[in-house]
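Here the structure is laid out as structure tokens; the discussion comes afterwards.
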Amino acid sequence: MQERSFRAFVAIEIPDSIRNMISALIGRLRERDVTNCVRWVRPEGIHVTLKFLGDTPAVKERVIESALESTAAIRQGFDLSLGPLGTFRSRRGARDQVVWVGLSSETAQLLELAADVDRALVAMGFPMETRPFTPHLTLGRTNRGVRSVPSFTEDAAWPPGDGAFHVNHLSLMESNLRPDGARYTRRAIFPFSRSPRIERPL
Ligand code: 2AM
């Protein structure tokens, strides 16, 4: 049977070296989470969400891809680095809190990219993002009903000195919600056309 819809979002994926650093960090935070108040994400699924599209008809995928292709094609590559740990209230529930890693370095370019992606998809009928974009990687979300959360914002080995990475594409992703946590699959990749690392001098 043909697929009718999928839970879609646009993201920046992170390299394995960075994923491994975050995986080790989650391991340390999990040890401190003695009351199990946080649902920690699977390290293999960690990403920077640029725009959440939600349940999306599969018939729209081609036009979404073509909008993302044009958006990516006019962007240049940029560098990001892992920043400090933080927590904030989840967008989804006033009570939930998100534990995240902030991003630094060329975040102005990341913000521009998120705004470009938003504009392109709003033009296709998706709702405009009203909240300011906060560059982050989600590490975990508090369980429902948890009232007090230990501080997860301090870690002696964080941020790491070598947490820089280069971004040269964006991805259309699919999220499958499962009882033991979401699984993410990449549907398509959209390379930036002018990534400084692949440009050659004239
Ligand atoms: P987050 O990383 O900022 O938490 C895939 O589900 C991604 O889309 C999640 O990692 C989450 O981003 C974001 N997301 C999930 N549900 C959302 C919703 N209802 N509104 C906005 N963003 C959502």
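The values are calculated or read from the model by the stated rules, or taken from the named source; none is laboratory data. As the structure is a prediction and not an experimental result, all values here were calculated from the model. Because the Cβ atoms are built from the backbone with ideal geometry, glycine has one as well, and the counts that use them run over all protein chains shown. Ligands, DNA and RNA are stripped out before the accessible areas are found, and what is left, the full protein with its side chains, is counted by its heavy atoms. Shrake-Rupley method; radii C 1.70, N 1.55, O 1.52, S 1.80 Å.
Here is a check on your reading of the model: is Asp79 surrounded by fewer than 19 Cβ atoms within 10 Å (Cβ to Cβ), within 16 Å of the ligand (Cβ to nearest atom) and not aromatic (Phe, Trp, Tyr)?
no
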- Task: Starting from residues that are within 16 Å of the ligand (Cβ to nearest atom) and not aliphatic (A, V, I, L, M), keep the ones in region 3-18 and report whichever is nearest to Gln97 (Cα to Cα).
- Result: Phe9
- Message: One residue is enough: does region 157-169 have a residue meeting the conditions closer than 21 Å to Cys37 by Cα and either acidic (Asp, Glu) or surrounded by fewer than 19 Cβ atoms within 10 Å (Cβ to Cβ) (or both)?
- Response: no
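Output the residue which, of all residues in region 94-113 that are assigned to a strand (DSSP E or B) and within 16 Å of the ligand (Cβ to nearest atom), is farthest from Ala72 (Cα to Cα). If you could, list the steps in order and put the result at the bottom.
Here is the first cut: in region 94-113, the ones assigned to a strand (DSSP E or B) are 97-105.
Narrowing the set further to residues that are within 16 Å of the ligand (Cβ to nearest atom) leaves 97-103.
On the way: Gln97: 32, Val98: 29, Val99: 29, Trp100: 26, Val101: 25, Gly102: 23, Leu103: 20 Å.
Among residues in region 94-113 that are assigned to a strand (DSSP E or B) and within 16 Å of the ligand (Cβ to nearest atom), the one farthest from Ala72 (Cα to Cα) is Gln97.
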- Pairing a residue in region 1-30 that is without any contact (Cβ under 8 Å) to a residue 60 or more places away in the chain with any residue that is within 16 Å of the ligand (Cβ to nearest atom) and among the β-branched types (Val, Ile, Thr), where Cβ atoms lie under 9 Å and the two sit 6 or more apart in sequence or on different chains, gives Ser5/Thr56; Arg19/Ile46; Ser23/Ile46; Arg30/Val38
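Out of Trp158, Trp100, I need the residue that is modelled with pLDDT of 95 or more and within 24 Å of Ala8 (Cβ to Cβ). Which one? Lay out the reasoning, then the answer.
On the way: Trp158 fails: within 24 Å of Ala8 (Cβ to Cβ).
The match here is Trp100.
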- Hits in region 66-76 (condition: out of contact with any Phe, Trp or Tyr (no Cβ under 7 Å at 6 or more places or on another chain) and surrounded by 15 or more Cβ atoms within 10 Å (Cβ to Cβ)): Ala67, Thr71
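Within region 55-65, count every residue that is open to solvent by 10 Å² or more (accessible area, probe 1.4 Å) and either hydroxyl-bearing (Ser, Thr, Tyr) or in contact (Cβ under 8 Å) with a residue 24 or more places away in the chain (or both). If you could, list the steps in order and put the result at the bottom.
Here is the first cut: in region 55-65, the ones open to solvent by 10 Å² or more (accessible area, probe 1.4 Å) are 55, 57-63, 65.
Now drop any that are not either hydroxyl-bearing (Ser, Thr, Tyr) or in contact (Cβ under 8 Å) with a residue 24 or more places away in the chain (or both), which leaves 55, 57-58, 60-61, 63, 65.
So the count comes out to 7.
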- Restrict the check to region 141-152 and report whether at least one residue is out of contact with any helix residue (DSSP H, G or I) (no Cβ under 8 Å at 6 or more places or on another chain) and at pLDDT 95 or above. no
- Any hit, region 36-51, residues being open to solvent by 10 Å² or more (accessible area, probe 1.4 Å), away from the ligand (no atom under 15 Å from the Cβ), in contact (Cβ under 8 Å) with a residue 24 or more places away in the chain and within 23 Å of Pro179 (Cβ to Cβ): yes
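Kindly indicate the residue of region 117-145 that is assigned to a helix (DSSP H, G or I) and open to solvent by 30 Å² or more (accessible area, probe 1.4 Å) and also nearest to the ligand (Cβ to nearest atom) among those meeting that condition. Before the answer, list the steps.
The first filter runs over region 117-145 and keeps only residues assigned to a helix (DSSP H, G or I), leaving 117-122.
Of the ones still in play, those that are also open to solvent by 30 Å² or more (accessible area, probe 1.4 Å) are 119, 122.
Values: Arg119: 17, Val122: 15 Å.
Among residues in region 117-145 that are assigned to a helix (DSSP H, G or I) and open to solvent by 30 Å² or more (accessible area, probe 1.4 Å), the one nearest to the ligand (Cβ to nearest atom) is Val122.
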- Met21, sole failed condition from (1) assigned to a strand (DSSP E or B); (2) more than 19 Å from Pro191 (Cα to Cα); (3) more than 12 Å from the ligand (Cβ to nearest atom): (1)
